[in-house]
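Okay, so here's the structure we're looking at.
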Amino acid sequence: FVPDAVLRVTQQNITQSCLASKSNVLINGTSPGPELRLLEGQTYWIRVYNDMTANNVTMHWHGLSMAVSPFSDGTPSVSQWPIPPAHFFDYEIHVPVGMAGTYFYHSHVGFQAVSASGPLIVDDIHVPYYYDDEKIIFIQDTFTNDFETIEEGLVHNPLVWSGEAAAILVNGKGGGSANGTACNASLSVIDVEPGKTYRLRFIGGTALTFSSLAIEGHSSLEVIEADGSYTQKTNTSYLQVAAGQRYSVLLHTLPNPTQSTYYIQLESRERPTITRGFAILNYGASSPPSTFYPPPNSILSLPNSTIGFLDYQLHPLNPTSFPPSSAVSRTVTLTVHQAVRGMTIWLENHYPWVETFPTEPYLISLYKDDGIEFPSMERALQNSGLDPVSRAFPAEIGEVIDIVLLNTGADSGGLDAHPWHAHGRHFWDLGSGNGTYDAVENEAKWNGKQPALRDTTMLYRYGTSTGNGTVQGWRAWRLEVTEPGVWMVHCHILQHMLMGMQTVWVMGNETEVLDKVPRPEVEGYLTYGGDVYGNE
Ligand code: C2O
Ligand code: CU
C-alpha cells in the first residue's frame, strides 16, 4: 500500500512575525504545511503520521465532503479517535467531479489548527474561467501564547481568554503590526507580471481573525469561486475572509504599473482591537521590500462594517439543483448563546456541548452500538431539531431543511460575529439579516436567482447584546440531506469551538449511517483512543 501523499505532524518551536519563538504544530516541518493538489473525479489515500510526543492529532479536509468515507472526516469524538503520538492514520478522500476549487486541510484537535493547516487545491478537468496563472494567499493569525496554553485557558474555570490575534500572516509571514505595535518582520511576496490575469486563491486559515483586505492600486477584483463552488463573476473592491472561508478572485494586473510593488493590506474586524497584516504584490522588482518599513499604520482604508458582505450577490456559475421553498420539509433554528457556568461556554439551543463531550466518537459508538443511542427524530421534533438524549441533530436522507442560525450573544452582555461551517455537504446560503427571519420576504430578495453553494458563512451581530437573549442577527441555509454520516456543524473560530460552539448532525437512519462505516481494516480506526484536547 503506497499512500498518494504523506503528512507528518510535529511539534516544534518557531518564530512568527515579531513574536517570541513558541511551540507550534507543524505539517512536514512548516506552517502553513505543503500545498496538496488533487484532481476532481479521483480518489486519494493520504497518510498522516503523528510525530508529536504528547499530543493527539486528526486531519480534516475542510470543505470537501467525506460522503463516501465518513471515517475520513477528521473530527475527533465525532468521526474518529484522534491519532495518538507515534501512530498514523490513512484518510480516504474521494473528490467528485464538480468539486474543483479552493480548500484547506487542518488538524481538528484543540487549538492546533492555528498553525497545523495548509492549502488543498482541487484542480479542474476543464477550467471555466480564463487566467494566466494562479497564486495562493493563505491567511493565518498567531497569538502571544502557544496553542497548549490557549487550549487550557479556554476550558479553564474561570475562562482564561487567548488574547486577540497578535499578528496576521500571509503564507506564513507577516509584519505591519504585532500586539498593536509596529512590526518589521518579513513579508510574503506575490510575484506578478503586468497586463496578465491571475486567479488569487484566498484561504481563511485563521483561528479568530475575520480579515477585511484589499490591494493597493487594484480596486477591481472579480470573485469567481466561493468555498469550492464557481460563481458568476461578481465585482468587488475588497474582500472579507472569515475563518474557514475561501474565495477565488480574478486580478487583472496593471498594464503599466507606476510602482514596482503594491501592498496587500489585511485588517481584523468584529474584535475589540484591529490587527493589521501586509503582503507584497511585486511587479518584477528584483529586490522587493522584504519588510514593512517605514511602517505607517495603514495604506488603504478598508470599510469598518462587515455586515452583509456579498450577501444576495453570489450566484452559482451553472444552475444547481436548488430546491424551491415548497420542497422544504422543516426549519431547524439553531440559537447560539454564551453562558457562564463556572467555565464560560457556548450553548446551542440551550444545550452545552462542552459539559457533555463524548469520549468515544459518535460514529464509532454507533458502529459498535455501545455508547450513544441512535438519535431519535421523534424527540428531536419536539425540541427544535435537537435530540436531547444523544445531543445530536438527526436528519433523514432526502429531506430539505432550512437551518436558521440565531445570534443572541452572552449573559454577560457581549455579542460576537461567528463564521458557521458545515461538514458533510455544502448548503445554499440564503442570506442574513437582523430581526425575525421571514422565509417569504427573504426569498423575494433573491428575485428568482439561485444562491451560491457555500460551506462557511457569517452569523453577524447587529447592535450590542443586552444580555437578555434578544436575537440580534440571523443567517439562513438550505440543506438537501443526501449524505449519510455523522457531521459537525460549528463556528470556525477555534476559541469558540473549544468553548462549545459546535453541533453534531446524524444524517440518515441507522442502516444508512452504519453502512458507510465498516472499515475495520483501516489501521487504528476502532482501537485508538484519547480525547479532543490531545490527551491519551
Ligand atoms: Cu475547518 Cu470542522 O472544520
Ligand atoms: Cu463563533
Net charge within 15 Å of F147 by Cβ-Cβ distance, Lys/Arg positive one each and Asp/Glu negative one each, not counting F147 itself?
-4
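So which chymotrypsin sites (Phe, Trp or Tyr not before Pro) in the range 196-269 pass both tests, a DSSP loop state and at most 13 other Cβ atoms within 10 Å of the Cβ?
Working: sites: Y198, F202, F210, Y230, Y238, Y247, Y262, Y263; in loops: Y238.
Here no chymotrypsin sites (Phe, Trp or Tyr not before Pro) fit, given the DSSP loop and packing criteria.
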Those cysteines in the chain that have no second cysteine Cβ within a distance under 4.7 Å are C491
At most 11 other Cβ within 10 Å, DSSP loop - chymotrypsin sites (Phe, Trp or Tyr not before Pro), the range 1-75
F1
The residues D132, D402, sorted from fewest to most surrounding Cβ atoms within 10 Å, come out as D132, D402
Inter-centroid distance (Cα atoms) of the range 1-62 relative to the range 178-192, Å:
24
First measure r as the distance between the Cβ atoms of K368 and N304, then evaluate 1/(1 + (r/R0)^6) with R0 = 45 Å and state the FRET efficiency to the nearest 0.05.
0.30
Pairwise label distance in nanometres, A444 with A327, each label 7 Å out on the Cα-Cβ vector:
2.4
Sort E151, E35, E134 so the one with the fewest other Cβ atoms within 10 Å of its own Cβ comes first.
E35, E134, E151
Would you mind estimating how fast the range 129-310 diffuses translationally, via Stokes-Einstein at 20 °C and 1.002 mPa s with the Kirkwood radius over Cα pairs, in µm²/s?
126
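For S23 and E193, FRET efficiency with R0 = 35 Å and r from the beta-carbon atoms, rounded to 0.05? If you can, show how the numbers build up before the last one.
Numbers: r = 40 Å, r/R0 = 1.14.
Computed FRET efficiency for E193 and S23 comes out at 0.30.
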Whole-Å distance, taken between Cα centres, linking the range 480-519 and the range 68-112:
13
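Counting each DSSP H run of 4 or more residues in the chain as -39500 (n - 2.57), what helix-only mean residue ellipticity at 222 nm follows after dividing by all residues, to the nearest 500 deg cm²/dmol? Provide the component values of the computation, followed by the final result.
Numbers: 6 runs with 38 residues, N = 536.
Only helices count here, giving -1500 deg cm²/dmol.
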Here the percent of antiparallel bridges among DSSP beta bridges lying wholly in the chain, to the nearest 5, is 75
Three principal axis lengths of the range 236-325 [C-alpha, angstrom, descending]:
55, 38, 20
For K22, give me every one of the lysines with a C-alpha distance below 16 angstrom, ignoring sequence neighbours fewer than eight places off in its own chain.
K173
Would you give the gap between the C-alpha center of the range 381-415 and the C-alpha center of the range 439-478, rounded to a whole Å?
15
In order through the range 41-52: 3J(HN,Hα) via Karplus (6.51 cos²θ - 1.76 cosθ + 1.60), integer Hz, x for Gly, Pro
x, 10, 10, 10, 10, 10, 9, 10, 9, 8, 9, 7
So the label point goes 7 Å from the Cα of Q259 along Cα→C-beta, right? Which residues of the range 202-217 then have their backbone N under 14 Å from it?
214-217
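Coordinate-derived values only; no laboratory data. Note that the structure is predicted; figures quoted are calculated from it, not measured. Cβ: placed from backbone, ideal geometry, glycine included. Neighbour counts: every protein chain shown.
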